[in-house]
Amino acid sequence: MKIKNIFSPNYSKRKRKLSNSIKFIIIHYTGMQSERESTKKLCNPSAKVSSHYLINQEGKVSRLVQDWHVAWHAGKSCWGRYKNLNENSIGVELVNKGHKFGYTNFKKKQISNLIKLCQIFIKKYKIKKKNILGHSDIAPLRKIDPGEKFPWKYLAKNKLGIWHDYESNFLKKYRKKKFLTEQNRRKFFNNLNKIGYCFAVKNKSFFVKTIKAFQRHFRKELIDGILDRECFMIAQNLTKKL
Ligand SMILES: [Zn+2]
C-alpha cells in the first residue's frame, strides 16, 4: 500500500514498544470543511491534535505520526480496563465534514483502504478484532465521530470489529419497544460494560450519551439515547462475540 508521509509534531516524545503496547485501532472523522484544513490542523503544533494516519475521500493514505510514537487523537478516553487510549492505539482519521459541516457517506475507496490498513496493523501488532473502535465508543460524553454513517457492519464482514447475528428485518420489530424493568436495565448496562463501554460517572445524561454511542455503532437507524428492546437484544448478542 502506498503511504505518503506528512510530518506532524503533535505526539509524545517518548517512544513506545511496538511489540505489546498497541492494542486498539481508533477511527475518527476529521469534521472540518476540507482535507487541506484538516491536514493543516493535525500538523499545527499549537492545535496539539494529530493522528497516525489520514485517509482522504479518494482513499489516499498519509502518515502523520510514526506508529512507535503516541499520537494525540483520543483525548480523555476509556475502554474496558484501559484509560487514556492514546497510549495503546493507532489513530486513523477519515476525511469527512462531519455532523457540523455536512456529514456525508464515507467513500468506497476510503473504506477499502481503511480495511487494508487495519489488516496490516492486526497482523503486525496482533490487535484483536474486537478492539477496532470509534472515537465515540471510547469517549461517549464528548465525541460522536466517526458517526452513524460509518459502515461497521461492512467492516465486521471483513473480520474487523464485532457485529451481532440478527437480520435487520427481524430486529426492526423490536425498535422503540419499551423494555424497562430495573432488572433488564441493569443487565443491559452490565452487557455494555462487558463489551467495553465505561461508566465512571453515574448520572442520567451520561447514560443517554453512552446509549447514543452504542446506537451510533450498532443500531444506526435510530439514535435517540433510549434503551429499547432492540438495543437490549443487540447488546446481549454481542457479549457472546467477545
Ligand atoms: Zn475523533
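Here, each number is a calculation from the coordinates, and none is a lab measurement. This one's a predicted model, so the numbers in the text were calculated from it and none came from an experiment. Because the Cβ atoms are built from the backbone with ideal geometry, glycine has one as well, and the counts that use them run over all protein chains shown.
When the charge dipole of the stretch 25-112 is built from unit charges on Cβ atoms (+1 for Lys and Arg, -1 for Asp and Glu) and taken about the Cα centre, the candidate among LEU64, SER46, PHE101 whose Cα reaches farthest toward its positive end is PHE101. Looking at the stretch 53-152, the GluC sites (Glu not before Pro) that sit in a DSSP loop and have at most 14 other Cβ atoms within 10 Å of their own Cβ are GLU58. Rounded to the nearest 5, the antiparallel percentage of DSSP beta bridges internal to the chain is 40%. Think of the chain as a dipole: +1 on every Lys or Arg Cβ, -1 on every Asp or Glu Cβ, centred on the Cα centre; then among LEU180, ILE195, ILE234, ILE195 lies furthest on the positive end. In vacuum, with every alpha carbon of the chain counted as one equal point scatterer, what does the Debye formula give for log10 I(q)/I(0) at q = 0.12, 0.13, 0.16, 0.18 Å⁻¹? Two decimals, please. The computed values of log10 I(q)/I(0) come out as -0.66, -0.78, -1.16, -1.44. For the stretch 124-197, the Cβ-based charge dipole about the Cα centre amounts to some 120 debye (Lys, Arg positive; Asp, Glu negative; other atoms uncharged).
Please report how far the C-alpha centroid of the stretch 205-242 lies from that of the stretch 152-173, rounded to the nearest whole angstrom. Each part's Cα centre sits 13 Å from the other's. Phi angles of the stretch 97-109 translate, via the Karplus equation with coefficients 6.51, -1.76, 1.60 and θ = phi - 60°, into HN-Hα couplings of 5, x, 4, 7, 10, x, 5, 10, 4, 6, 7, 3, 5 Hz per residue; Gly and Pro are given as x. Remark: the stretch 192-199, residue by residue, has Karplus-estimated 3J(HN,Hα) of 4, 4, 4, 5, x, 4, 9, 10 Hz, where x stands for each Gly or Pro and the curve is 6.51 cos²θ - 1.76 cosθ + 1.60 at θ = phi - 60°. Overall size of the stretch 1-144 from C-alpha positions, given as principal axis extents largest first: 37, 31, 27 Å.
Helix 229-238 axis versus longest C-alpha principal axis of the chain: approximately 60°, rounded to the nearest ten. What percent does the relative contact order of the chain come to when contacts are Cα pairs within less than 8 Å and at least six residues apart? Relative CO of the chain lands at 20 percent.
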